[in-house]
Every structure is written in C-alpha cells, then in structure tokens.
Amino acid sequence: MLRSLPASFLLLMLVAATAPAADTGKPTAFYATAFERRASPQELTELGRRLFSEPALSASGRVSCSACHDPAHAYGPPNALAVQLAGPDGKRPGVRAAPSLMYRQTTPPFSEHFFDNDGNDSADQGPTGGFAWDGRAASAHEQAEAPLLSPFEMANTDRRAVIARLSASPAAPAMRATFGAHVLDDPQRAWNGLVLALEVFQQSPADFSPFRSKYDAYLRGQAQLSPAEARGLSVFNDAGKGNCAACHPGAVKRGAFPLFTDMGFIALGVPRNPAIPANRDPRFTDQGLCGPLRTDLREHPEYCGLFKTPSLRNVATRSVFFHNGAMRSLEEAVRFYAQRDSRPGRFYPRDAQGRVRKYDDLPAAAHGNVNTEPPFGQKPGEPPALSERDIADVVAFLKTLTDQPAH
Ligand code: HEC
Ligand code: HEC
C-alpha cells in the first residue's frame, strides 16, 4: 500500500514538518533539509522541469538531463546511439542505453528478497526494484546525483562544483524564488534543493505517468484494438507462447493501471554490442546486478547477467533496446525472444571454428543464470516460439503503449 504512494508526497511531508534549523556547518541529511521558503509541489515541479533541461549544470555546459532523457522521446534517448555521449567535453560515450524515465514513480527501493503484499506473502520473488538497469540507486533523487557527478555524464567534480555552476546559470533566480534568497549560499542545502526539485518533477503525473495510450483507452472501454493488436496482446499474455506478461504484466491489478514491469531482475543473455566503445576491451563485461558498475553484490555469482525488467510503456518510441542497446528495432527485440534459442546464429557471433558463441556478453560461469523459460527453451533448428506474424502482431500491440499528446 505504502509502495503506491509517490515518494515525493512522503518527502514533502517530511520537508514541511521540519522547522528551519540553525546552520551547524554539518551536511544536512536529504530528508531533513529545511529551506528558508516552503515551496508547493507545483513550484518544485516547475523548478525541476527548468533544471532538467539546464545544460549549465554540466561541466561541458552542453549536457542537460534532457539530452539523454528527451521529453519528446518519452524521456528516453532522442537518437539511435547505443550509448549517449557526454562527459567533460560532451564527447565521452557511456556504457549503457539511457532508459525512459516514465512510469518510474512507484519503483520500490532495491531489495534482494521481495515479498509482494498480494495474498501470496510467502513467495520470495528475489531481487526487485531500485533505479538504473542494476537497481543500484535507491531513489530518483539518488539516481539524479549520479549523472550530475559521473565523469561519463555531466562530469562535475563534486557537489560544490554543481552549485557553483547553478549559481552562475540562468536557473539561479528560479532556485532562489523557490527555496529562498540565500539557498545558493549553502552548497549542501542548495544541492538538496536541486535534487528534490528534479525528483518531484519526475513524479509529475501529467509529464511522467499520463496513462494516455491507446491501450489505456482500451482498458477504460473507450477504444478498440485492431485485429493485429488484439492478436499481439494474446500472444503477449499466452504463458506457452510469448509469456511476456510473466515479467511485463499488463493487466489492471487492484485498480492500478499496469506498468508492464514486475521490477524484477532477469538474465536474458542479450548479445554483446560492439557499438559500445567500452566493449573493445574484452575484459570488460557489464554483468548487471553482480557488477562491475554495481559493487555491493559482487560476491553473488548467481546474480551475474541479471538486469532490471524495464517498463514497456512507450517502448515503440525507442531506437535501441535492452541495457546495452544491442537491438536496433522493436521487431528485432521481439524476434530475439522468439528465436534466441532456435536460431542463435542470427544474434551471436561465431568463433574461429564456426560455432555460435551464445551469450557472448557474459563469462561462461554466468551462462547458467540465463532464463530458459517460455518464450525461450527451444533447441537449435526447432520452430521458433513466435512466428513472423506473431512478432508483427506483438509489435503492433506494443505500439498501443505509446502515450498520445494531450489535446
Ligand atoms: C549522458 C546521458 C545521461 C544524462 C545526461 C542523464 N542520464 Fe539519467 N540515465 C542515463 C543512463 C545511461 C541511465 C542508466 C544507468 C545505469 O543503468 O547504470 C540513466 C538512468 C536514469 C534513471 C533511472 C531510471 C530507471 O529506470 O531506473 C533516472 C531516474 C535518471 N537517469 C535521471 C536523470 C536525471 C535527473 C538527469 C539529470 C540530472 C540524468 N538522468 C542525466 C543517461 C543519462
Ligand atoms: C523472464 C522475464 C521476461 C520475459 C518473459 C520477457 N521479458 Fe522483456 N525484458 C526482461 C528484462 C530483464 C529486460 C531487460 C534485459 C536487458 O536489458 O538485459 C527486458 C527487456 C525488454 C525489451 C527492451 C525494452 C527497452 O527499454 O530496451 C522489450 C522490447 C521487451 N523486453 C519485450 C518483451 C516481449 C515482447 C516479451 C515476450 C515475447 C518479453 N519481453 C518477455 C524480462 C522479460
């Protein structure tokens, strides 16, 4: 129940309940920050929107959050690059595909042992939740800190540097108007204000969770699916065929419209993407939950290769798919599910002897972690899980998950 309350509401309650304290010189804990001025959620949202597209916050002066999370692309990447370019000179490539930021507001904090409060309390669903492809950030505000300070992204050396840039930027007056005239004088407080505004903005329903797709209209009884879309939906739900809903559930649950993710972690064995410059080094393999970007679960070989199941809402607005952007069309992403096991040669390279190097982006020790349940599990040469027509129908259905602009 608590899980469905937007974190910002809890947060605002906490912020509002704290009386302004004397500045002790110690860093203020995020949740205990007292600002000179109490901003309304609407004001925080508008400030967050402003800061989200402020390139002056980056070391290069060129990269804002919206450079990688473009509002016109469901807050996902605006181009077909596998990884976005940023860093101190605006040219350094990252190592993962930028996800959409929509429908993230009910993401629970990461837990290794998740028990859904759903009449089935005893079932441990394993690693669940958290932000980023490996769940390593606990909240949207923690996740906002990472790009501001990451050398690959906005490339500031520390928080103080960000606040110095913010103070000199065209967004400074809006910061003062929202939090008080002196907010930028205390870098720690200013930092907390910055990430609070970004977090509250990212929970604005009109921007980040409008539920305005054709599929939502269909669920409300206000639209009909075309024959292809309806066939695609049934393949998507069919446990013996697509079985997509097992991880990307799409039914209304206790009144809540579906997000098309169970927030769990799964290894799919997505092929290595040679378009990522970091992959030129054969020693580098991104293994998700067990590292190397995430560091606290390194001693868990059973987690190697697992990545968080993303929401499929607005997935048709993307040009690259999966954590490493290895698939370059939605058709090919769905075909990967349909044919990974029956036609592996389509997706993976071959070794010197001509053998297909399946799961080539994972060390051999992690191959046993890769999921082999439907739609996977065929032997090479057997009929694929989904026909070409099924694939086209599933794609047609996935296109109904794209939010329509407000009229
Ligand atoms: C250079 C590109 C880039 C920039 C700039 C950038 N991001 Fe991201 N963002 C990413 C990538 C890549 C990921 C996935 C990171 C990972 O899995 O390790 C991500 C993940 C996230 C997530 C987690 C989403 C999820 O599904 O868990 C949030 C929230 C986020 N970014 C917010 C922001 C905010 C706020 C800013 C600006 C302060 C920002 N990002 C700037 C590329 C970028
Ligand atoms: C066993 C759980 C599971 C099942 C079943 C499953 N998925 Fe996924 N899906 C995932 C995970 C995990 C990822 C991310 C994996 C990665 O990037 O390494 C993902 C990623 C995707 C993506 C890429 C999204 C993006 O933002 O890049 C698409 C598209 C997708 N799934 C569609 C489907 C379809 C269609 C089906 C059914 C044919 C399906 N999935 C079945 C777990 C699952």
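The values are calculated or read from the model by the stated rules, or taken from the named source; none is laboratory data. Please read all numbers here as calculations on a predicted model, not as lab measurements. All Cβ positions, even for glycine, are placed from backbone atoms using ideal geometry, and neighbour counts span all protein chains on display. Remember, those area values only see protein heavy atoms, side chains included, never the ligands or the DNA or RNA. Shrake-Rupley method; radii C 1.70, N 1.55, O 1.52, S 1.80 Å.
Before moving on, here are some points about what is shown:
- Summed over the range 29-53, the residues that are closer than 18 Å to residue 163 by Cβ, assigned to a helix (DSSP H, G or I) and more than 9 Å from ligand 1 (Cβ to nearest atom) give a count of 4.
- Filter result (β-branched (Val, Ile, Thr) and surrounded by fewer than 19 Cβ atoms within 10 Å (Cβ to Cβ)) within the range 140-174: 157
- Screening the candidates 326, 333, 338, 316 for the property of being more than 11 Å from ligand 1 (Cβ to nearest atom), among the hydrophobic types (A, V, I, L, M, F, W, C) and free of Cβ contacts under 8 Å to residues at least 24 places away in the same chain yields one hit, 333.
- In the range 146-166, residue farthest from ligand 2 (Cβ to nearest atom) [restricted to those that are within 13 Å of residue 51 (Cβ to Cβ) and assigned to a helix (DSSP H, G or I)]: 163
- Flag not set for residue 405, criterion: in the same structural domain as residue 241 (by TED's automatic domain parsing), within 15 Å of ligand 2 (Cβ to nearest atom), more than 19 Å from residue 326 (Cβ to Cβ) and open to solvent by 10 Å² or more (accessible area, probe 1.4 Å).
- Once the range 54-70 is narrowed to residues that are over 27 Å from residue 315 (Cβ atoms) and assigned to a loop (DSSP other than H, G, I, E, B), the residue that is most open to solvent (accessible area, probe 1.4 Å) is 62.
- Number of residues in the range 193-227 that are in a helix (DSSP H, G or I) and open to solvent by 30 Å² or more (accessible area, probe 1.4 Å) equals 7.
- Test for residue 221: is it modelled with pLDDT of 95 or more and farther than 28 Å from residue 338 by Cα: yes
- Any chance residue 365 is closer than 23 Å to residue 387 by Cβ, outside the structural domain of residue 112 (by TED's automatic domain parsing), among the hydrophobic types (A, V, I, L, M, F, W, C) and open to solvent by 20 Å² or more (accessible area, probe 1.4 Å): no
- Contact map, the range 89-100: first residue without any contact (Cβ under 8 Å) to a residue 40 or more places away in the chain, second residue near ligand 1 (Cβ under 9 Å from one of its atoms) and of a type in the set (A, V, I, L, M, F, W, C), Cβ cut-off under 6 Å, separation 6 or more or different chains; pairs are 90/63; 91/85; 98/68.
- Scan of the range 391-402 for residues that are surrounded by fewer than 23 Cβ atoms within 10 Å (Cβ to Cβ) and not aliphatic (A, V, I, L, M), ordered by number: 399, 400, 402
- Test for residue 111: is it modelled with pLDDT under 85, open to solvent by 20 Å² or more (accessible area, probe 1.4 Å) and either assigned by TED's automatic domain parsing to the domain that holds residue 319 or among the hydroxyl-bearing types (Ser, Thr, Tyr) (or both): no
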